[in-house]
Amino acid sequence: MITDEIKTSNLSDIRFLNEHDIGQEMYRLVSELYPICRSITGNGFRETLDIIKDYIELEVHEVPTGTEVFDWTVPKEWNIKDAYIKNLKGERIVDFKKNNLHVVNYSVPVNKLMPFEELKSHLFTLPDYPDRIPYRTSYYKESWGFCLSHEQFLALKDEEYEVCIDSTLEEGSLTYGEYYLQGESEDEVLISCHACHPSLCNDNLSGIALATFLAKYLSQISPRYSYRFLFIPGTIGSITWLSLNEAQVYRIKHGLVLTGVGDPGNFTYKKSRRGNAEIDRAVIHVLKHSGLEHAIIDFFPFGYDERQFCSPGFNLPVGCFMRSSHGHYSEYHTSADNLNFVQPQYLADSFSKCLSALNIIENNKPYLNQNPKCEPQLGKRGLYRAIGGQAEEQVNELALLWVLNLSDGEHTLLDIADKSNFDFDAIKKAADALLKHGLLK
Amino acid sequence: MITDEIKTSNLSDIRFLNEHDIGQEMYRLVSELYPICRSITGNGFRETLDIIKDYIELEVHEVPTGTEVFDWTVPKEWNIKDAYIKNLKGERIVDFKKNNLHVVNYSVPVNKLMPFEELKSHLFTLPDYPDRIPYRTSYYKESWGFCLSHEQFLALKDEEYEVCIDSTLEEGSLTYGEYYLQGESEDEVLISCHACHPSLCNDNLSGIALATFLAKYLSQISPRYSYRFLFIPGTIGSITWLSLNEAQVYRIKHGLVLTGVGDPGNFTYKKSRRGNAEIDRAVIHVLKHSGLEHAIIDFFPFGYDERQFCSPGFNLPVGCFMRSSHGHYSEYHTSADNLNFVQPQYLADSFSKCLSALNIIENNKPYLNQNPKCEPQLGKRGLYRAIGGQAEEQVNELALLWVLNLSDGEHTLLDIADKSNFDFDAIKKAADALLKHGLLK
Amino acid sequence: MITDEIKTSNLSDIRFLNEHDIGQEMYRLVSELYPICRSITGNGFRETLDIIKDYIELEVHEVPTGTEVFDWTVPKEWNIKDAYIKNLKGERIVDFKKNNLHVVNYSVPVNKLMPFEELKSHLFTLPDYPDRIPYRTSYYKESWGFCLSHEQFLALKDEEYEVCIDSTLEEGSLTYGEYYLQGESEDEVLISCHACHPSLCNDNLSGIALATFLAKYLSQISPRYSYRFLFIPGTIGSITWLSLNEAQVYRIKHGLVLTGVGDPGNFTYKKSRRGNAEIDRAVIHVLKHSGLEHAIIDFFPFGYDERQFCSPGFNLPVGCFMRSSHGHYSEYHTSADNLNFVQPQYLADSFSKCLSALNIIENNKPYLNQNPKCEPQLGKRGLYRAIGGQAEEQVNELALLWVLNLSDGEHTLLDIADKSNFDFDAIKKAADALLKHGLLK
């Protein structure tokens, strides 16, 4: 069981929590959210935020249909109660209640009999994966449709079907959740995830779970930065948020879009548009020193909400943290992206790596060697091994020498770690020891 | 047949001309020029320009012997009527009329009997390629000689020979041709080729043909840049031209030296001394996206007239566009560089690649995204696929997103193409579509 | 025999001395210094400087115990007359007179009987190399001990031993040697070696020999730079020298720490902290063009006295020139680093490479092409081959063209050599020829 008792000002402490327990907790949240039929607007999204509220004190915002947000307009709100295709015998051949992916998301209502020939153009399948239901949407064109497995499709006969989508597409609002954690500084770290996909575990729920647990644990310490967590519908959500918060955006010094962090694939980090932002270097450092195979990819202007955060008018230092990247796993946007595909240990590993990167951001500063001319005598301070002996403190001597040599005001601890090829933690520990002895400032 | 009817302001249109026909036309010009005995001065050079005048309105310049051009002096004019070595039977053993390579170019007149021993020191052969005649010159040292195949040489007997070179080396002038095409801007693109080699097809005539046909077709559109084409003798020609036109040289914004563009070898591009000039990047882009093996080499201060254009006092952005580079093919400067070695399809391919590079230069500008904050909604403008549908225009969506994301005033279309790894044409098409919809400026 | 007659202002001339003879001379010096028991202070160090004085006019400095030097204090002076471990039969089982490595350097005096159990904690061996005596020190913690081969150790019985170290650790001074050679300029080249190790040939004596012979031969020419040679105890010596000479340090424009230059391993060059100092580029150039395998490594803040010279408060352009680097050869800091390990030919090769690098430093300047617009006509100056002939001077034509093209005031000769891939000597020769003809300034 995860306890709430941790009270520390040190992010590092959270990093030594029991990974197994955290993975289980995150997986439990994913499981709880899985059945809900989310979309970019509507009650499914609200229900999702309600559940997240059990973990963190989320603020829920409603933005009315028709609100102009930059070049876009907040769309009508979509809600759905039921949907099916019935055969002549009255049997539900395709049933929304069994899997909400069966309905093309944002389908307009329909209720009529129609021959197979007419129905066919509204059906979507994946012939290459005949047992999977695809995920399709039609947000910006009023239309309707059903998604089904290719096996189901092949079993359909050339007869008349009763088609019903009991949905509404009406004036309403776009909903999003925001959690703000005040740190020592007004400077912010932005953590954003999209929460608009229905029953898809990796591409959506894993990111939601990671953001939720990062928020939950960070709220137990006093971080240097303030943290802002966004749970938003993809694209229109980030556009809406940026439009409403344009004046405050300058505070964002670092950011991550989280998505696809529960699958067994290798980590993938997509750099911010700037390419060498501190968050980019921090995540790259963590993945490099993880000893795990991973991929670092340059920014490109499609993918998730980093598209908007990194549009040229904002160009925020926001990268995208993933395991398998979208389109690189066959389960992507199909019913196979389910509770089997995502597993607790991968969620926990993602939590741990993300926290390590944030730990770097929190602690990355330049220091000033107080004895810049020649080395200080570490031995007389117990920081250097004597003959056949051991240094008093378990600090790596070479790390000490690196920190001293590069603490010239121009190198941060991350610079030193990268240049020396030491792990950030070892460099931080060395800097702490030197600080304690008055050798750094 | 190539028609002259093309009237378009768009360089792209020329690029879709029938390559086969153009290759044939270029080869015809090469064939017509092949028999002429050219040198750095003299009537062979004038005759060559006369033929080029059938294609473009060339201006012919004459610069008198003795004119000081920087550190050099325009040399005496060389002309030749006949030359031979006759044996005792009166047979022409070596005959200038059969191949003008037989005479060392710029040989002073000679007419006498001499024993083989004396003659020998005036004979040049290629023992490694015993059936080829080498090409030799002696521009700056008054001397005479014959070039012959090693087989011919071995057949010579130790007897007396009659040696005759009916040449003149007298006060006269250096001749060069210039074609200026006025564009929208005074800024110039310089296209230069040397035209001083006698019967050598690749190293000389191919470059002349390419420059001629580029001039011919560019003259049919209204280009952005003005174009200046030079048909000059190597080294002394570029030095003379630079010396006479020093005051106007600042207008040259891009340039190419063309040579060796008709052989079957891979393309080779030698960068300008600057190394990252726009013309360098344009040619490299074209070759990279051609899918063909090719070589990009750094500038070095020997080779062709880029030596002079890129001398430190000028340092012009002029690269050298070739197929096989000099010295990398055994036919170089031998009688094997003939009408078999150069072929129409290679000439046409060189024409096409060169034009593609000039097309980039013509169209490479930075644009400004008019909706820099978040992405504009492409869907409502028909620029984005709807469900199961197609975008209205055949524009690559990802190319649109790249252009929007990087049109921040700091990236030109070529920058965007290089960063996105899209072909320049796709990026240009995307930019045109966005311009049309008012999304770029 | 090495003669002293060389009188030339040209460093290049020294480079063509007989390498074999120089190697023998250097080896003789190493052999002479080998038996002395040196330490960071004391008579062994003084004796060493006395011998070096036979070669160069060394100035000897004495810095009293207790002198504050930055964060450090000059330690007590250590001297030793004898030391041994005797068994019950009165036999010297371990004998300082046989090898001065047997005593832990800086051991306090001891003279008593003790059981093996007590003695054991004062004994140091190398179980992996059972026939070697390790080298150990205890400068900054008062303590005593013996080093012996593991074979000797295993032969010890569990009985009582007489232990004697007849040493003194008292107020005195730290000694170092300095040789200053006045050049044309006040700007200095610093050559430093540590001279505090007892009977160790590569890690110490080879560096001393190299510094001594460089000084000896450079004193016979009139160099452009002034040269300062330091023979100092490691760490405390460089700290002391820097502390006493802080005000003059700004004159040091280039520097090398010399160590481990007599073994058969490949050359290793450790760059200065700046990473692209002229000395770094010069040594790298020499090693690259040597055709020998070698290693170039980035600066790291441990190793030899470059640690102090490159501390952030000084950040001097000082690299470290070695063959095998410390810790990369098993003989390091053991009795196997002896007169067999170091050989004359390796010493001579190190001398030659070092001199080549200094030759670059001495001659590396930017020149200005006096005919920057187009190439000057080399032929009329006899610098270019005529037909079938040879250039008058044995200068590489391509090197001439490179020097002309890049002598724009922004490139030094080393820049030109690196860019053209020519050896520095060829470029220097070309520049000299051009200077002679007034084509450069």
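For the reader, a short list of remarks on this structure follows.
- Candidates C:384, C:55, C:135, ranked by Gaussian network fluctuation over chain C, Cα under 10 Å, top entry: C:384
- Cα lying deepest toward the dipole's positive end in the protein assembly as shown, options A:51, C:42, B:72, charges on Cβ: B:72
- Largest to smallest accessible area among C:216, C:157, C:98 [probe 1.4 Å]: C:98, C:157, C:216
- In chain A, the beta-carbon sitting nearest the axis that superposes A on B belongs to the residue given here with its distance in angstrom, A:276, 12.
- With the helix formula -39500 (n - 2.57) applied to DSSP H stretches of n ≥ 4, chain B reaches a computed 222 nm mean residue ellipticity of -8500 deg cm²/dmol.
- With its label point defined 7 Å out from Cα along the Cα-to-Cβ axis, residue B:441 lies at 5.0, 5.0 nm from the matching points of the other copies, in increasing order.
- Distance violations [Cα-Cα > 22 Å] among B:270/C:419; B:373/B:441; B:216/B:365; B:419/C:419: B:216/B:365; B:419/C:419
- Surface composition of segment A:326-441: carbon plus sulfur atoms contribute 46% of the solvent-accessible area (1.4 Å probe, protein chains only, all chains present).
- Interface of B with C. Using a 1.4 Å probe and counting protein heavy atoms only, the two chains hide about 2000 Å² of accessible surface, both sides summed.
- Here the spin labels are modelled as points 7 Å beyond Cα on the Cα-Cβ line, and at residue A:248 and residue C:398 they lie 6.5 nm apart.
- A 1.4 Å probe run over the protein chains yields, for the protein assembly as shown, 39 Å² of accessible area per residue, whole-number rounding.
- Between C:286, C:69, C:342, the Gaussian network model of chain C with springs among Cα atoms under 10 angstrom shows the greatest mean-square fluctuation at C:69.
- ³J(HN,Hα) computed for each position of segment B:194-206 - Karplus, 6.51 cos²θ - 1.76 cosθ + 1.60, integer Hz, glycine/proline x: 8, 9, 10, 8, x, 6, 10, 8, 6, 7, 2, 5, 5
- Total charge dipole magnitude, the protein assembly as shown, about the Cα centre, Cβ charges on Lys, Arg, Asp, Glu only, Debye to nearest 20: 460 debye
- Only beta bridges with both residues in the protein assembly as shown are counted; by DSSP, about 65 percent of them are antiparallel.
- Filter on C:81/C:271; A:76/A:120; B:76/C:429 - keep pairs with C-alpha separation over 31 Å: C:81/C:271; B:76/C:429
- Given charges at Cβ of Lys, Arg, Asp, Glu: chain B dipole, positive-most of B:376, B:261, B:354: B:376
- Near residue A:96: Cβ cut-off under 10 Å, other residues only, Lys/Arg at +1 and Asp/Glu at -1. The net charge is +1.
- Inter-copy label distances for residue B:302: 5.1, 5.1 nm (label point placed 7 Å from Cα along Cα→Cβ; shortest first).
- Charge tally in the Cβ shell below 12 Å around residue A:59, where Lys, Arg are +1 and Asp, Glu are -1, residue A:59 excluded: -1
- Note on chain A: with a GNM built from Cα contacts shorter than 10 Å, the maximum mean-square fluctuation among A:379, A:275, A:23 falls on A:379.
- Exercise: per-residue mean of other protein chain Cβ atoms within 10 Å, A:294-302: 3
- Just the protein heavy atoms count here, and of the accessible area of segment A:189-272 at 1.4 Å, carbon and sulfur take up 41 percent.
- Put a dot 7 Å past the Cα of residue B:82, heading toward its Cβ, do the same for residue A:288, and the two dots end up 7.8 nm apart.
- Dipole magnitude for chain C: about 1060 debye, using +1 per Lys or Arg Cβ and -1 per Asp or Glu Cβ, origin at the Cα centre.
- Annotation: the antiparallel percentage among DSSP beta bridges lying fully within chain B is about 65.
- With 0.36 nm allotted per residue and the present C-alpha distance subtracted, the residue C:162-residue C:437 stretch has 91.0 nm of extension available.
- Counted charge near residue B:114, where neighbours are those whose Cβ lies closer than 14 Å (Asp, Glu -1; Lys, Arg +1): -2
- Among the protein heavy atoms, those of residue A:31 account for about 40 Å² of accessible surface (1.4 Å probe, every chain in place).
- Vicinal HN-Hα couplings computed from phi for segment B:313-318 (Karplus, 6.51 cos²θ - 1.76 cosθ + 1.60; Hz; Gly/Pro x): x, 10, 6, 6, x, 10
- Taken along the Cα-to-beta-carbon direction at a fixed 7 Å, the label points for residue A:365 and residue A:28 span 3.7 nm.
- Relative contact order, whole percent, for chain C stands at 17, derived from Cα pairs under 8 Å and 6 or more residues apart.
- The heavy atoms of residue B:398 offer some 70 square angstrom of accessible surface to a 1.4 angstrom probe.
- Cβ neighbours within 10 Å from other chains - mean over B:375-383: 4
- Shortest-first nm distances, residue A:67 label point to equivalent points in other copies (7 Å, Cα→Cβ): 7.5, 7.5
- Pairs of Cα atoms farther than 44 Å apart, the protein assembly as shown, %: 62 percent
- Shielding value for C:141-153 is 1, the average number of Cβ atoms from other chains within 10 Å of each residue's Cβ.
- Surface accessible to a 1.4 Å probe, residue B:65 within the full protein complex, Å²: 20 Å²
The values are calculated or read from the model by the stated rules, or taken from the named source; none is laboratory data. Model, not experiment: these values are computed from the prediction. We place every Cβ from the backbone using ideal geometry, glycine too, and count neighbours over all the protein chains shown. Protein only, heavy atoms only, side chains kept; ligands, DNA and RNA dropped before computing areas. Shrake-Rupley method; radii C 1.70, N 1.55, O 1.52, S 1.80 Å.
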